[in-house]
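The values are calculated or read from the model by the stated rules, or taken from the named source; none is laboratory data. Predicted model, so just to flag it, every value in this text is computed and none were measured. Virtual Cβ from ideal backbone geometry, glycine too; neighbours counted across all protein chains shown. All accessible areas refer to the heavy atoms of the entire protein, side chains included, with ligands and DNA or RNA removed. Shrake-Rupley method; radii C 1.70, N 1.55, O 1.52, S 1.80 Å.
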Amino acid sequence: MWSWVLHRITGVAIYFFLLVHILDSALLRVSPRAYNAVIDTYKQPIMGIGEAALVAAIMFHALNGIRIILIDFWGGGPKRQRLMFWLVLVVWVILMAGFLPRQIGVILSEF
Amino acid sequence: MTTETVEAPRSARVSRRSTNWEKWAWLYMRGSGVLLIVLIFGHLFTNLIADEGGVKAVDFAFVAGKWASPFWQIWDTLMLWLALIHGSNGMRTIVNDYVSNSTLRRIMLVALLASSIVLIVLGTLVIYTFDPCPSGALQSQLPSFCPAQ
Ligand code: HEM
């Protein structure tokens, strides 16, 4: 049940980010100045935290999506759905452990 | 002992020849999901991790450098279409689940469809009409392969 709630919430959150992301990318067609001005806001520390949350949401949605697909198509899937949920969480923690230090380093750097 | 008489079902049998759109939408969610894992993970890796500056390296010149190659143009086009259709079809499911007023539901579904079409057309046009060296821009904001203006 919680995997379903999280899948739904992350799906909606990613969807709304995608709407904004297509619009900000459309500024590439306006001018370098307009695009850079908006993309520079993504480099603020507060947005860096937002990006980390977005990546966390996508990672969970993608891993749990694989789990849903395996439950639907793999004969042994339904029986192992609970085990697979724990696996989703473990792999998610590993991916985030790889990404977070990198992202924090970038946020704090003077690039 | 009494005998029960069971009435014949009153609803007509569903025609087998009509397309089962819900089934195709269900399959699409799973097929696009598998492809999106590759596309989105690759996208996040090249744009947030591979470059030394991470997200701070992303600007007009960075994107112009990527889109100089048809590889990334096609990559981004596939990602745009697959993700937006996957996302809006998922939102359609959620609207159907929670919006019980049929007029409101209809308005929301039409808005979802309309916004998705507009954004897919807009995004595709941006990728294929992109000009990496627009005139009147600061040289410092352009990719290094642009001729001096
Ligand atoms: C990264 C790869 C992704 C995978 C593997 C994936 C997988 C899935 C799967 C298997 C479903 C369930 C469909 C069903 O129950 O019929 C789903 C639902 C959904 N996905 Fe994704 N997805 C991915 C990316 C995305 C993206 C980028 C978005 C947003 C644009 C998104 C938004 C949604 C939404 C809104 C739902 C509906 C949730 C619900 O009905 O509860 N997904 N996804």
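So which of A:G105, A:G77, A:G98, A:G50 ends up being free of Cβ contacts under 8 Å to residues at least 24 places away in the same chain, open to solvent by less than 60 Å² (accessible area, probe 1.4 Å) and under 21 Å from A:S3 (Cβ atoms)? Of the residues listed, the single one that is free of Cβ contacts under 8 Å to residues at least 24 places away in the same chain, open to solvent by less than 60 Å² (accessible area, probe 1.4 Å) and under 21 Å from A:S3 (Cβ atoms) is A:G77.
Among the residues of the stretch B:7-25, is any within 7 Å of chain A (Cβ to nearest Cβ) and either touching a helix residue (DSSP H, G or I) at 6+ places or on another chain (Cβ under 8 Å) or near the ligand (Cβ under 9 Å from one of its atoms) (or both)? No, there is no match, as no residue in the stretch B:7-25 is within 7 Å of chain A (Cβ to nearest Cβ) and either touching a helix residue (DSSP H, G or I) at 6+ places or on another chain (Cβ under 8 Å) or near the ligand (Cβ under 9 Å from one of its atoms) (or both). Just one of the listed residues (B:A57, B:A114) is out of contact with any helix residue (DSSP H, G or I) (no Cβ under 8 Å at 6 or more places or on another chain) and crowded, with 16+ Cβ neighbours inside 10 Å, namely B:A57. Just one of the listed residues (B:L84, B:L39) is assigned to a helix (DSSP H, G or I), more than 10 Å from every other protein chain (Cβ to nearest Cβ) and at pLDDT 95 or above, namely B:L39. Give the residue that is nearest to A:I46 (Cα to Cα), with candidates limited to residues of the stretch B:42-81 that are within 11 Å of the ligand (Cβ to nearest atom) and facing chain A (nearest Cβ under 8 Å). Here the answer is B:L44. Within the stretch A:20-35, the set of residues being open to solvent by 40 Å² or more (accessible area, probe 1.4 Å) and within 7 Å of chain B (Cβ to nearest Cβ) comprises A:R29, A:R33. No other residue among A:I58, A:I9, A:I68 is within 13 Å of the ligand (Cβ to nearest atom) and in contact (Cβ under 8 Å) with a residue 60 or more places away in the chain apart from A:I68. Scanning the stretch B:93-108 for residues that are within 14 Å of the ligand (Cβ to nearest atom) and away from every other protein chain (no Cβ under 11 Å) gives B:N96, B:V99, B:M108.
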